[in-house]
Amino acid sequence: MADPAVRAAGGARPFSPYEFMLAFRYLRARRKHGGVALIAMISFGGITLAVLGLIAVMSIMNGFRAELFSQLLGFQPHVYVDTRNLDAERVDALVRELEAMPGVVSADPVVQGQVLASSERYQSVIVVLGTQPEDVAALDVIANPSPDGRTGLVEGNLDGFGEGHNGGDTIILGSGIARRLAVGVGDRVTFTTARGTPTVFGARPNQKAYYVGAVLAAGVSTIDESAAFMPLDQGRVFFAKGEGTDQIQVRLTDPDMAASMVGSIGALAGPDAAAYDYTQLNPAFYNALEFERTAMRLILSIVVAIAAMNIISGLVMLVKNKGRDIAILRTMGATQASVMRVFLIVGASIGVLGTLAGILLGILFVANIGPIQDFITWTTGTNPWDPSVYFLYRIPAKLDWGEVAFISVFGFIVSLLVTLPPAWRAARLDPVEALRYE
């Protein structure tokens, strides 16, 4: 009478216990017995390292992206509404309507213009924003300065912002502008603009002296090197806006909602106003960030696929060495599908276990990125992450569970696909020919 396991081979349900038993016996077999333990371990290690690298690199890229956005969007609004064609009453009403929208943190009316800023020795062309003092104080970069003092008000305070001072008014300068003009708190800076008071002979340039009340470091060079603030009322007078404004700057609870909320904000503003989000100000920059992220994911996914290819060589050798066993199983009632499933389990087990190990190590790597950086610094005697270059003291790493899910599914699918050819070859093996030549 045939063995019960062999009897089960002919009519057992797919992926029955005996198929798993055979698969794990083949995985554990030594090389002298026709096993592929060494190749299996190499394949397992390759997939583990590839998945670890994919998680580590994508987490660091996500960390950089989050750090960049937190600094950039700590100052920059998320949605802009062009209000140059709206009267003052409509702008005030629109501000109230926008602030009542779900997901909107603030809606700040501003005027802006380009000026020539002059100190006693230097000059520089900058952009001046006229806004309410309370709106400036609510900016995240000012309300929540960094603990190390690299961002926030590095000099002065907002106590005198908008108040008279020796015949001029107090303003806020970006740290790069203050450094370029060689001025500090209490020094005088003269603004000159061509968009001045209209006369019968054309627009007369406006020129006025202001006193520096504070110096702002936003942590973003495009802001620190070119932006200054003055009170909204002074901005309207200086840029000859009357009671009008140039735009309403809208900040949201989640910057990622900006693209989806532009349409509703634009509909609320009406046909005389245009709404656009922060990505449309510099689309090449944000598209490059997204492209780099996608390209890096694709490249590292190819690395995972290459590592999984090692499974093929191991299974081909296993099928060749186990030809006699396969032939005996077939003659005792095992179906082609059953044999194929056995070798699918062998290959998929290596891939799945390697993927899970890589995910676990990747999570541990991201969670301990700080100690790892300290260890590298201690062993090499140098700091590979110079804060004077990167403006960050730690390598930023942010684990995205969506990325982890993608890697898990991708690793499993690739492991299954590379297992199909040798498993199919094993299932198609002719038992008569295999036993004859054995």
Legend entry - Nearest 10 degrees, 0 to 90: helix 88-99 Cα axis against the chain principal axis: 30 degrees
Legend entry - the chain, helix-only ellipticity at 222 nm - DSSP H runs n ≥ 4, -39,500 (n - 2.57), divided by all residues, nearest 500: -17000 deg cm²/dmol
Inset, instruction - Per residue of the stretch 227-233, in order, report the coupling 6.51 cos²θ - 1.76 cosθ + 1.60 (Karplus, θ = phi - 60°) as ³J(HN,Hα) in whole Hz, putting x for Gly and Pro. - result: 10, 9, 10, 9, x, 4, 4
Legend entry - Top of THR377, THR245, THR190 by mean-square fluctuation, Gaussian network on the chain, Cα under 10 Å: THR377
Legend entry - Within the chain: Cβ-based charge dipole about Cα centre, in debye rounded to nearest 20 (Lys, Arg +1; Asp, Glu -1): 3160 debye
Inset, instruction - Considering only ALA367, ALA284, ALA214, give the residue with the highest GNM mean-square fluctuation for the chain, with springs between Cα atoms whenever their separation is below 10 Å. - result: ALA284
Legend entry - Highest-fluctuation residue, ALA427, ALA269, ALA288 considered, GNM on the chain with Cα pairs under 10 Å: ALA288
Inset, instruction - Take ALA137, project a point 7 Å from its Cα along the Cβ direction, then tell me which residues of the stretch 223-259 have their backbone nitrogen under 15 Å from it. - result: 231-232
Legend entry - Antiparallel bridges, percent of DSSP beta bridges restricted to the chain (to nearest 5): 80 percent
Legend entry - Those aspartates and glutamates that a straight Cα-Cα span of less than 18 Å connects to LYS320, excepting residues fewer than 8 apart in one chain: ASP430, GLU433, GLU438
Inset, instruction - Between ILE299 and ASP430, take the C-beta separation as r, use R0 = 30 Å, and let me know the FRET efficiency to the nearest 0.05. - result: 0.10
Inset, instruction - Could you pull out every residue, at least 5 positions away or on a different chain, whose amide H is within less than 5 Å of the one on GLU155? Hs are placed 1.01 Å off N in the peptide plane, and Pro or chain starts have none. - result: VAL215
Inset, instruction - Specify the angular offset, from 0 to 90 degrees and rounded to the nearest 10, of the alpha carbon long axis of helix 336-367 from the longest principal axis of the alpha carbons in the chain. - result: 30 degrees
Legend entry - the stretch 266-301 versus the stretch 200-259: alpha-carbon centroid distance in Å: 24 Å
Inset, instruction - Could you check the simple spin-label distance between ASP87 and GLU290, using points 7 Å along Cα→Cβ, in nm with one decimal? - result: 4.0 nm
Inset, instruction - Quick one: compute the contact order of the chain, relative version, from alpha carbon pairs under 8 angstrom and 6+ residues apart, as a percent. - result: 26 percent
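For MET317 and ASN144, FRET efficiency with R0 = 51 Å and r from the beta-carbon atoms, rounded to 0.05?
0.25
Only the coordinates and a few stated rules stand behind these numbers; no lab work does. Worth saying up front: this structure is predicted, and the values here are computed from it rather than measured. Here the Cβ is made from the backbone with ideal geometry for all residues, glycine too, and neighbour counts use every protein chain on show.
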